[in-house]
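Undergrad: Structure below; questions to follow.
The values are calculated or read from the model by the stated rules, or taken from the named source; none is laboratory data. Note that the structure is predicted; figures quoted are calculated from it, not measured. Positions of Cβ are generated from backbone atoms using ideal geometry, with glycine treated the same way; all protein chains shown enter the neighbour counts.
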């Protein structure tokens, strides 16, 4: 299927050129277009995205996860300012599928990342609100491509770890960072949620408050990791203080080192290819489900079928076959 | 949707009556019919299942998970013999989606559970082989209903924990048991795989080999659980020796106690209703995916689309929309 087949909508050349020139207004407008659920907007967004794709992909994509209060924003601000000081252009995005529920959104709070937000070389965008995790993450992934096309060479995607959002963010980043507090049991929570499996780098924040606790946390996480992953697959564990901006350079060096090794081994590109495919399949699955639920015969039959299954009058397997048949 | 609408195939009355009378031949034949992938067999199986459903549901369903070598078979044999001694009829099933890959199957080894297999009041069936996890688990779930209709009042479903098989087995059992060895790090592996979240009861086997290690393992698991789940939600941790059949009665008392409490609170029936619904949705999702993959336009377009997405020439989101459109 050649890409040009898809351009059923005209490409908005003013927006396209604006994005490629790195204009903030064009960027914001494009991302808003991507987030729109209107069918004509979706068509225009798809056409635009398709035209931007060849210009994307040149950034380092950093995923960052941690529970609320761990200090992600403080750290991202410190890291962003450090990277801008080194001549980089830094975009910060977020995936927070809960933002439609609580009305707020991570990164939505204007008082956060105040200094970084004032920088010309920074672009901060809160999580798209509403919709499924797949939808929210999809909009973020598309925004990332747009920002890359606009010349941002480092994209940081933040998530608070609601449901499966870590998996989604890890699936769009070149390196996934897990931020922890030096609390007992924190490593167990991360192991439980399967985040440790995704992490390329683990950071223990607030080292300054209690250096001993931070050291213990690092040791505990280290032994947990060696038990879980065995020898060989080493995950760096770094302590730092986001508030004092201590450890930021060491963090970036570790991350750059990790990416350099992956590039050398060809793993960097392989991971990106695999991510794009996995992402496509996840969206296909979600799309199939949404279409099924929207099917008129299914919607009509569903209440009775659900009651019969719940009441033990219809085997689940028979009900599934029946619903699949009428959904055609 | 009335259940009778589904009976497009004639019900095999000889089989139906044979199953209800608890005849082993009829049972084996019915389960083989359920496991068949032939379309006419599937239709007959569905009709039969539908007729058997009102007679099912009266057993206690016990899920049991543990890594290979933990002693599950030894324990299930000891438990089965103990239960038969108390007048119960015990069926043992398995979910092992890997059985098609390695040619073998858990419970397939004839030398295992030799004594239990000789009992009239026991029925042992290896894992259905081949197919997806959903398919394998679905066949097992249906076999369970058949065995219940045949008067088996305790059904034990074993899994070795390949991929998501624990979730599938926990989703068809009234109580899910995790069997562990007294090894350092074992609790971390279980936490990592999310099994601890599913477990209603944790058993540390081979207590006789090293009582101190077993005690340490119980203490470690206990503190890990309290960190993960907080106070209140207590999960019993029992030590036992499957080989010596020690601790079997204590295990069963704990399990019966747990189920009695749930029945009293109304949680037992609520869990079953919720399980049936979740199972139906899982099968619907799998069915949608299989149908999508079998769609002719999708199969024709897929190689080019995959190459374009992998090569960074087509955004994953655009590719997904396109594939969904042509799959209609």
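Undergrad: Please go through segment B:299-328 and pick out each residue that is facing chain A (nearest Cβ under 9 Å), more than 23 Å from residue A:271 (Cα to Cα), part of a helix (DSSP H, G or I) and under 35 Å from the mean Cα position of the chain (by Cα).
TA: B:324
Undergrad: For the condition more than 7 Å from every other protein chain (Cβ to nearest Cβ) and out of contact with any strand residue (DSSP E or B) (no Cβ under 6 Å at 6 or more places or on another chain), what is the one hit in B:293, B:289, B:285?
TA: Of the residues listed, the single one that is more than 7 Å from every other protein chain (Cβ to nearest Cβ) and out of contact with any strand residue (DSSP E or B) (no Cβ under 6 Å at 6 or more places or on another chain) is B:293.
Undergrad: Of the conditions (1) within 7 Å of chain A (Cβ to nearest Cβ); (2) crowded, with 17+ Cβ neighbours inside 10 Å; (3) farther than 30 Å from residue A:294 by Cβ, residue B:237 clears all except one; give me its number.
TA: With (1) within 7 Å of chain A (Cβ to nearest Cβ); (2) crowded, with 17+ Cβ neighbours inside 10 Å; (3) farther than 30 Å from residue A:294 by Cβ applied to residue B:237, the lone miss is (1).
Undergrad: In segment A:29-40, what residues are free of Cβ contacts under 8 Å to residues at least 60 places away in the same chain, assigned to a helix (DSSP H, G or I) and within 26 Å of residue A:158 (Cα to Cα)?
TA: Passing the criteria: A:29, A:32, A:33.
Undergrad: Now, a different point. Quickly run through segment A:1-19 and pick out the residues that are within 18 Å of residue B:314 (Cα to Cα) and modelled with pLDDT of 90 or more.
TA: Hit for segment A:1-19 is A:16, nothing else.
Undergrad: Now, a different point. Given (1) surrounded by 16 or more Cβ atoms within 10 Å (Cβ to Cβ); (2) facing another protein chain (nearest Cβ under 10 Å), where does residue A:229 come up short, assuming only one miss?
TA: (1)
Undergrad: Okay, moving on. Condition (residue is at the interface with chain A (Cβ under 8 Å from one of its Cβ atoms) and either out of contact with any strand residue (DSSP E or B) (no Cβ under 7 Å at 6 or more places or on another chain) or farther than 20 Å from residue A:282 by Cα (or both)) applied to segment B:258-265: is it met by at least one residue?
TA: no
Undergrad: Next question. So residue B:147 fits all but one of (1) out of contact with any strand residue (DSSP E or B) (no Cβ under 9 Å at 6 or more places or on another chain); (2) at pLDDT 90 or above; what number is the exception?
TA: Of (1) out of contact with any strand residue (DSSP E or B) (no Cβ under 9 Å at 6 or more places or on another chain); (2) at pLDDT 90 or above, only one is false for residue B:147: (1).
Undergrad: Among the residues of segment A:89-96, is there at least one that is at pLDDT below 85, at negative phi and within 14 Å of the chain's Cα centre (by Cα)?
TA: Checked against the condition, which is being at pLDDT below 85, at negative phi and within 14 Å of the chain's Cα centre (by Cα), segment A:89-96 yields at least one hit.
Undergrad: Here's another thing I want to ask about it. Looking at B:277, B:283, which is the one that is part of a helix (DSSP H, G or I), closer than 24 Å to residue B:171 by Cα and in contact (Cβ under 8 Å) with a residue 60 or more places away in the chain?
TA: Of B:277, B:283, the one residue that is part of a helix (DSSP H, G or I), closer than 24 Å to residue B:171 by Cα and in contact (Cβ under 8 Å) with a residue 60 or more places away in the chain is B:283.
Undergrad: Among the residues of segment A:173-185, are any over 24 Å from residue A:244 (Cα atoms), modelled with pLDDT under 85 and surrounded by fewer than 24 Cβ atoms within 10 Å (Cβ to Cβ)?
TA: yes
Undergrad: Inspect all residues belonging to segment B:58-72 and state whether any of them is assigned to a helix (DSSP H, G or I) and closer than 23 Å to residue B:165 by Cα.
TA: yes
Undergrad: Take the residues in segment A:113-142 that are in contact (Cβ under 8 Å) with a residue 60 or more places away in the chain and in contact with a strand residue (DSSP E or B) (Cβ under 6 Å, 6 or more places away or on another chain), then tell me which one is farthest from residue A:283 (Cα to Cα).
TA: A:123
Undergrad: Filter segment B:195-211 down to the residues that are within 19 Å of residue B:183 (Cβ to Cβ) and within 14 Å of chain A (Cβ to nearest Cβ), then identify the one that is surrounded by the fewest Cβ atoms within 10 Å (Cβ to Cβ).
TA: Within segment B:195-211, the match that is surrounded by the fewest Cβ atoms within 10 Å (Cβ to Cβ) is B:195.
Undergrad: May I pose another question? From the list A:78, A:51, which one is within 14 Å of chain B (Cβ to nearest Cβ) and either part of a strand (DSSP E or B) or surrounded by 16 or more Cβ atoms within 10 Å (Cβ to Cβ) (or both)?
TA: Sole residue among the options that is within 14 Å of chain B (Cβ to nearest Cβ) and either part of a strand (DSSP E or B) or surrounded by 16 or more Cβ atoms within 10 Å (Cβ to Cβ) (or both): A:51.
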